[in-house]
2 protein chains.
Amino acid sequence: MMTGARLSWKEVRDRIHQRILSGDYAPGDRLPRDADIAEELHCARSTVQRAMQDLSDGGIVERRRKGGTRVRSDPVTRATLDIPVTRTEVEQKGARYGYQLISSKTAMTPRSVTGNFELAQRKEMLRVKALHLSDGRPYILEDRWVDTTTVPEILDIDLTTVSANEWLVQNKPYSRCDLRFYAESASPESAELLNAKIGDALFVIERTTWIDEAPITLVRAQTAPGYQLLTRI
Amino acid sequence: MMTGARLSWKEVRDRIHQRILSGDYAPGDRLPRDADIAEELHCARSTVQRAMQDLSDGGIVERRRKGGTRVRSDPVTRATLDIPVTRTEVEQKGARYGYQLISSKTAMTPRSVTGNFELAQRKEMLRVKALHLSDGRPYILEDRWVDTTTVPEILDIDLTTVSANEWLVQNKPYSRCDLRFYAESASPESAELLNAKIGDALFVIERTTWIDEAPITLVRAQTAPGYQLLTRI
DNA sequence: AAATTTATTATGTAGCTACATAATTGTCAA
DNA sequence: TTGACAATTATGTAGCTACATAATAAATTT
């Protein structure tokens, strides 16, 4: 990684970050202009620019034209999450993946669903319930609505052999995705399917996707007790 | 945004993304080399490089030297989360922020804590319990361990007036942060403090931070019933 | 003194070149 | 056939220039 003469933009970034960490620049302080840092570190302004841009993306500093760069005085913890296809998630843990379709039928969406999609009107969609298994044990219970106007092909898919999760993600890329995380008590139905006790605290991942403005799917994925979501390294 | 003659790297990115979305390039397919795309779109290779890098960061494509660029065949949902200081979070919702210190005393860390910090030995740390309020109602109950070797100053801070959350984030920047999300049933103690019922499903945010290799703090933040974490737009 | 316009300044972006690096492919000898 | 080495190739990075853009500061007018 260019350990010799020239500094890479990542090295520049880390040096500047280090100065912030060590207290050289405190929250709210203004940093020197890119050009001055470049001169000091004997590198090009474009290198400093890339480094600063990365620190800005990471929520470490704030940059404004003419105003310069300053250390964020209201720091946020910014994290990146990866949510893979459930099959992959299970297999990456070295477990055997299993899948069961519970039900699949068209129905009128409740208001909570149209609300999530930011639709004014309720409409008919395909509702698919399915269970993902890890080494034969319940892992994730998903309750999904698929917009059959946007994705009519879903009606021809045999969802007993391919999960909607997998099929959609492989065949219907989305341009927008909203995620929502919360906790919920297990209903009698969920508890039975997830092999949990009624009232157990379940971690829920809710995902809504669109292609342009058109809804694709909304999933409520209830995870089995003990499930944890970690930030990627 | 340079709508005229030249294409910005974001426009290039969006065009390539669009082709993937429309099915021109399917998962697993190899895209043309940067130079060819540059020629086709009448822009510089560096512009395509920036666009591709962004798509790669976003988990849309995979790039390998010599191997070229291909559409990820195992797509992941990648999301960015912002977790602000609790005060800011409350105030951004237009609510009045409140804070109560419950307890603060040094104690021997249990194994679960040292495990999170990746420490071999148990050690004495400061344990701080506090309640964050939104419009006077319980919002987040935090149970925190602070490494007094790394952050000895914390012992001189009056934690009845300043929350450890705020003081640490303003004064002790971290170089590494691990996050963990899960659901948990309310214990009798938590239920009372959070104004919830015993056994209610609570959403928990667990955060561990380090400066270089040295532990700073580990917080278990139990949120009040109804709390939801959303991805930033 | 307030409002408007103009100049200044720091960051943002695009284009070009040159070279570094990692993978793969091809060649040749043992 | 296999192993080692060399050539090729596509991406990655750094440096430079030129100009765009936004925000502030200064100057000017009302």
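Annotations
- Pairs, first more than 7 Å from chain A (Cβ to nearest Cβ) in the stretch B:175-188, second part of a helix (DSSP H, G or I), C-beta under 8 Å, six or more apart: B:Ala186/B:Leu194
- Subset of the stretch B:190-233 that is at pLDDT 95 or above and among the aromatic types (Phe, Trp, Tyr) - its residue that is nearest to B:Arg127 (Cα to Cα): B:Phe203
- Identity of the residue in the stretch A:51-71, within 10 Å of another protein chain (Cβ to nearest Cβ) and modelled with pLDDT of 90 or more, that ends up nearest to B:Gln53 (Cα to Cα): A:Ile60
- Within the span defined as the stretch A:166-185, one or more residues are under 24 Å from A:Ser134 (Cβ atoms), in a helix (DSSP H, G or I) and touching a Lys or Arg at 6+ places or on another chain (Cβ under 7 Å).
- Unique match (being more than 11 Å from chain A (Cβ to nearest Cβ) and within 12 Å of DNA strand C (Cβ to nearest atom)) among B:Arg33, B:Arg45: B:Arg45
- Within the stretch A:212-233, restricting attention to residues that are within 17 Å of A:Leu81 (Cα to Cα) and polar (S, T, N, Q), the residue that is farthest from the other protein chains (Cβ to nearest Cβ) is A:Thr223.
- Only residues that are surrounded by fewer than 19 Cβ atoms within 10 Å (Cβ to Cβ) and in a strand (DSSP E or B) were counted across the stretch B:221-230, and they come to 2.
- Test for B:Ile198: is it within 11 Å of another protein chain (Cβ to nearest Cβ) and part of a strand (DSSP E or B): no
- Pick from the stretch A:126-167, criterion among the acidic types (Asp, Glu) and over 14 Å from A:Thr109 (Cβ atoms), ranking: surrounded by the fewest Cβ atoms within 10 Å (Cβ to Cβ): A:Asp156
- Residues in the stretch B:54-72 include none that are more than 30 Å from A:Asn165 (Cβ to Cβ) and away from DNA strand D (no atom under 11 Å from the Cβ).
- Within the stretch B:16-72, being closer than 20 Å to A:Thr80 by Cα and loosely packed, with under 13 Cβ neighbours inside 10 Å holds for one residue alone: B:Asp57.
- Selection within the stretch A:91-108 - surrounded by 12 or more Cβ atoms within 10 Å (Cβ to Cβ) and within 13 Å of another protein chain (Cβ to nearest Cβ): A:Glu91
- Restricting the stretch B:91-129 to residues that are assigned to a loop (DSSP other than H, G, I, E, B) and of a type in the set (A, V, I, L, M, F, W, C), the residue that is nearest to B:Tyr227 (Cα to Cα): B:Ala95
- Filter result for B:Thr3 (modelled with pLDDT of 90 or more and within 15 Å of DNA strand C (Cβ to nearest atom)): no
- Some residue of the stretch A:115-135 being within 14 Å of another protein chain (Cβ to nearest Cβ), over 23 Å from B:Ala79 (Cβ atoms) and not basic (Lys, Arg): no
- Residue selected from the stretch B:201-211 under the condition at the interface with another protein chain (Cβ under 8 Å from one of its Cβ atoms) and touching a residue at least 40 places away in the same chain (Cβ under 8 Å), by the criterion surrounded by the most Cβ atoms within 10 Å (Cβ to Cβ): B:Arg207
- Residue count for the stretch B:32-53, restricted to those that are near DNA strand D (Cβ under 7 Å from one of its atoms) and within 26 Å of A:Cys177 (Cβ to Cβ): 3
- Among residues of the stretch B:36-56 that are more than 12 Å from B:Leu7 (Cβ to Cβ), those with a beta-carbon under 9 Å from a residue that is modelled with pLDDT of 90 or more and near DNA strand C (Cβ under 7 Å from one of its atoms) at least six positions away or on a different chain give the pairs B:Glu39/B:Arg45.
The values are calculated or read from the model by the stated rules, or taken from the named source; none is laboratory data. All figures in this text were calculated on a predicted structure; none of them were measured in a lab. Quick reminder, even Gly has a Cβ in these numbers, built from the backbone with ideal geometry, and neighbours come from all protein chains shown.
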